[in-house]
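Readers should treat all values here as calculations from the given coordinates under stated rules, not as data from a laboratory. If you're wondering where the values come from, they're calculated on a predicted model, not measured in any experiment. Note: ideal-geometry Cβ built from the backbone for every residue, glycine included; neighbour counts use all protein chains shown.
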Amino acid sequence: MTDGAKHIVEEGGRKSSCPVSSALLNLTCCRLTWRCGLFAAAAIACFALGFALISEYAFGYAPCVLCLWQRAPYALVAIIAAAGIFLPGLRRWRGVVILASALLLAVDAGLAVFHVGVEQHWWLGTSGCGIHDAAEGDTRSIRESLLALPVARCDEIAWTFLGFSMAAWNAVYATFATLLMTYILLFGSPENVQTQDVKKSGENRERA
């Protein structure tokens, strides 16, 4: 038998001598488990934060107040997802962590929709989005309002892609992420059931 033939994965759940094949088997068995859901949540959050930071520091798109607010849920999702993955004490609470991630992503989607409404002038923004009317002759109040303003206004669209602003794309992105986390929570498994089934099948064949 050649050396290459020794790396063929045996059927029936037996252990393979090929590390690549074993890794592919583990990846296949990882589908729809809460642990992999936490990896997905962390990746979603890190991608969104990375895109926002690159847009700000590499391309010069200054964030407004609502832009900064939309970063907070992603940061929290990244933190709790990483904790759920790497802290052994949170293994039994992974379902709760996925639920919390889904809720935070839903909040982010709501903030993005609110931001889109401000951009389209459907409603007013928060107190940090613009200057409020000051009393006539109250120059001190006007000066304080100017100093408190962010670099970018919430109702000004600085960047668009396919006709949609960054806030609109974030609304779509966060909504999709919320649905994905909800799906994994409802239809995923807390343990790697597929891997356990393969191991049990292999043990039964060895006993036979």
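Table for the structure above
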| read-out | value |
| --- | --- |
| Sum of side-chain charges, A167 neighbourhood, beta-carbon under 13 Å (Lys, Arg +1; Asp, Glu -1) | -2 |
| Net length gained if the chain between L124 and F39 were fully extended (0.36 nm per residue, minus Cα distance) | 26.9 nm |
| Nearest-0.05 FRET efficiency for E156 and Y183, computed from C-beta distance (R0 41 Å) | 0.70 |
| Computed lengthening from L53 to V96, 0.36 nm per intervening residue step minus Cα-Cα distance | 12.6 nm |
| Placed amide H near T33: partners under 5 Å, 5+ positions off or other chain | S189 |
